[in-house]
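The values are calculated or read from the model by the stated rules, or taken from the named source; none is laboratory data. Please read these numbers as outputs of a predicted model, since none were measured by experiment. Glycine also receives a Cβ, built like all others from the backbone with ideal geometry; neighbour counts cover every protein chain displayed. Side chains included, ligands, DNA and RNA excluded: accessible areas come from the protein's heavy atoms. Shrake-Rupley method; radii C 1.70, N 1.55, O 1.52, S 1.80 Å.
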Amino acid sequence: MPYIPKILIVDDEPRMCTSLKALLSGRGYEIHISNSGAEAIECMSKNNFDLVLLDMVMPDMDGGRIMDHIGAQSPETLTIVITGYVSTESALSALRHRAHDYLRKPFGEEELLKAVENALEQKKLGGERKRAEEELRETARRLKVAHDQSLIYAQELKEEMMERKRAGEALTRAKEDWENTFDAITDMVMLLDNEHQILRINKTAAEALGTTQDKLLGKKCYQVIHEQGRPLRGCPLVRTMKTLRPQTTEITEPHLGGTFICSTSPILNRQGKLTGYTHTLKDITKSKRLEAQFQQAQKMEAIGTLAGGIAHDFNNLLMGAQGNISLMLMDIDSSHPHYERLKNIEKQIQSGAKLTSLLLGYARKGKYDVATLNLNQLVEETSDTFGRTRKEITIYRELAEDLFAIEADHVQIEQVLLNLFINAADAMPGGGNLILKTMNVDHNDMRGKLYDPKPGNYVLLMITDTGLGMDKETLERIFDPFFTTKEMGRGTGLGLASVYGIVKGHGGYVDVDSKEKHGATFRMFLPASKKKVRKPVKSADRVIKGSGTVLLVDDEEVILEVSRDLLKAMGYRVLLAKDGKEALEIFKKNQDVIDIVVLDMVMPNMGGGVAYDSMKEIKPDIKVLLSSGFSVDGEATEILERGCDGFIQKPFTMKKLSAKIREILEKK
């Protein structure tokens, strides 16, 4: 009667057990099922099994413990581990417990059947080896009395030797498969003895250490990883040696150039005896860099939102003051006793407007008048002006002749340059060199930065000084608003913050390298443009009178009143609306007489964007001048792209307002 192999399935999933039993029973195997570790051990105490299919994760007992029981009570029984939780540790654990094979869920029928057949064949070979030895002894005895049967026995011996050869080749392949798997692991993995010496090391680790695997064998792990003569304080391997438990910690290793998750675990044989340790290093440098980048971006965005809101509200306050000053100056001349004081107040208002422009710049809401510019020309003009005021500083310029054009706000970029020049000069109180260099680059030249640049061409400006340099703490906060290293009263802490915001607002990037006593280098990358450079147009230097009807829309009562008086003084008839909804109603009734709408953007009930679109549907050729305490970026740009005629930044003077209105009304 042919021998029927007995197989025990150990899995806590009944459906899995039922499926496996159905599959294997159809192949002629005797199948037993256990849904827990305890049930499996009890079943094995009553039966001798050829093979156990074992799920490593059981609710009542670890798979390793079950395999230890199999090894102790039935060493001839083979084990195939089946699990859905695959990791380097679980694979090594299975190998340490002498699993014959290792299958990952889900697996195919053919894959399982092949593994079962190979295991049973392996067990069969073990039994046949014993029988072959007995047969060889019997053959030697029978040769004396049965010479005529010698050829038959010789043939049997040859076949047995072929089986042994195949078994040896299978073992060799298994060893090669294990080594290939070990080397395929992308983390750095080492097997160590209790003296910290390397017994095995994978290919990834050897490549990271810049040498070969053979040259690392026998060396101490702390020598090759940390280049130290003893284990570091807090070494997880030392803790594992003391506790025989897995340990994990995060380390930053300059020798390897990154940050790693370091994990160590003990290696135990089937009898639970310690045979060594595993040591793995997982590189998390990139994820740590991305985490730091994300946190910095969140912080800068939050502060920028706050700064932009403050600047918007402050500009509205300044608008009320500027409008009233303009009206008062209309009624007096320079001989009036209050004339100079009023002009001084106007200058202070403009200083306040410049301060809010820095805040808007930091908030990335500061591009007012975008044009196609030559950065070299701006650098030359601004550095010449700066150089005349700082004679103790020698300026060197290396400007690329074929430099790409940029699309930018002339005033804002000029402000960026001045802020960077002043920052460099402050770092060189006794004088020094200021080196300005421009060149064309693309996003590939910007790799390795904290930011991830958009693909395309860029114009790079490098500003290098030979000053005092900065420490690490200063570098980390250099672009934060209101952060300054100057003494009280000498700086606002907004200069470099506005540089950061303005550059970001132009779609660019800025960074800095510096060491104490070794100067600093700022790098500013701005997107390149294919457009041709155009010359700036000068604004009007006088109030331009006009006639017609203006619909003035603003939710701030003070601005509404003062702007109404300004427009009336220019000669216009004025209709007032406090929000977009009211403006729309007034426009519907008076569209035939309204020549232009001066429209605020941020208002309750209905904002400027929705109001503009609604009025344009009523009258497609409507003329609209946007007005805002914010700048032309963002929503204003979108409205302009939809056909709006112009934009004016609060606070504006009477001259600027009159010029803008005339410019729009004269458009064909």
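Figures for the structure shown
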{"read-out": "The stretch 387-439 - residue that is of a type in the set (Lys, Arg) and touching an Asp or Glu at 6+ places or on another chain (Cβ under 8 Å) and, of those, nearest to residue 469 (Cα to Cα)", "value": "437"}
{"read-out": "Test result for residue 176, closer than 18 Å to residue 92 by Cα, over 34 Å from the mean Cα position of the chain (by Cα) and open to solvent by 70 Å² or more (accessible area, probe 1.4 Å)", "value": "yes"}
{"read-out": "Residue in the stretch 392-403 that is open to solvent by less than 10 Å² (accessible area, probe 1.4 Å), at pLDDT 85 or above and part of a strand (DSSP E or B) present", "value": "no"}
{"read-out": "Residue 113 being assigned to a helix (DSSP H, G or I) and either of a type in the set (Lys, Arg) or surrounded by fewer than 16 Cβ atoms within 10 Å (Cβ to Cβ) (or both)", "value": "yes"}
{"read-out": "Matching residues in the stretch 58-87 - criterion: being β-branched (Val, Ile, Thr) and buried (at least 17 other Cβ atoms within 10 Å of the Cβ)", "value": "66, 70, 77, 79, 80, 81, 82, 83"}
{"read-out": "Where residue 576 falls short, out of the listed (1) in contact (Cβ under 8 Å) with a residue 40 or more places away in the chain; (2) touching a Lys or Arg at 6+ places or on another chain (Cβ under 9 Å); (3) under 20 Å from residue 561 (Cα atoms)", "value": "(1)"}
{"read-out": "The stretch 538-547 - residue that is modelled with pLDDT of 85 or more and open to solvent by 30 Å² or more (accessible area, probe 1.4 Å) and, of those, nearest to residue 622 (Cα to Cα)", "value": "547"}
{"read-out": "Which listed residue is more than 33 Å from the chain's Cα centre (by Cα) and of a type in the set (A, V, I, L, M, F, W, C), from 237, 217", "value": "217"}
{"read-out": "Checking residue 195 against (1) open to solvent by less than 90 Å² (accessible area, probe 1.4 Å); (2) outside any helix (DSSP H, G or I), the condition it does not meet", "value": "(1)"}
{"read-out": "Residue check for residue 274: touching a strand residue (DSSP E or B) at 6+ places or on another chain (Cβ under 7 Å), hydrophobic (A, V, I, L, M, F, W, C) and open to solvent by 40 Å² or more (accessible area, probe 1.4 Å)", "value": "yes"}
{"read-out": "Residue selected from the stretch 334-387 under the condition of a type in the set (D, E, K, R) and either open to solvent by less than 10 Å² (accessible area, probe 1.4 Å) or over 24 Å from residue 523 (Cα atoms) (or both), by the criterion modelled with the lowest pLDDT", "value": "354"}
{"read-out": "Odd one out for residue 320 among (1) in contact with a Pro (Cβ under 9 Å, 6 or more places away or on another chain); (2) open to solvent by less than 90 Å² (accessible area, probe 1.4 Å); (3) at pLDDT 65 or above; (4) in a helix (DSSP H, G or I)", "value": "(3)"}
{"read-out": "Options 567, 560, 526: the member that is open to solvent by less than 20 Å² (accessible area, probe 1.4 Å), at pLDDT 80 or above and under 17 Å from residue 412 (Cβ atoms)", "value": "526"}
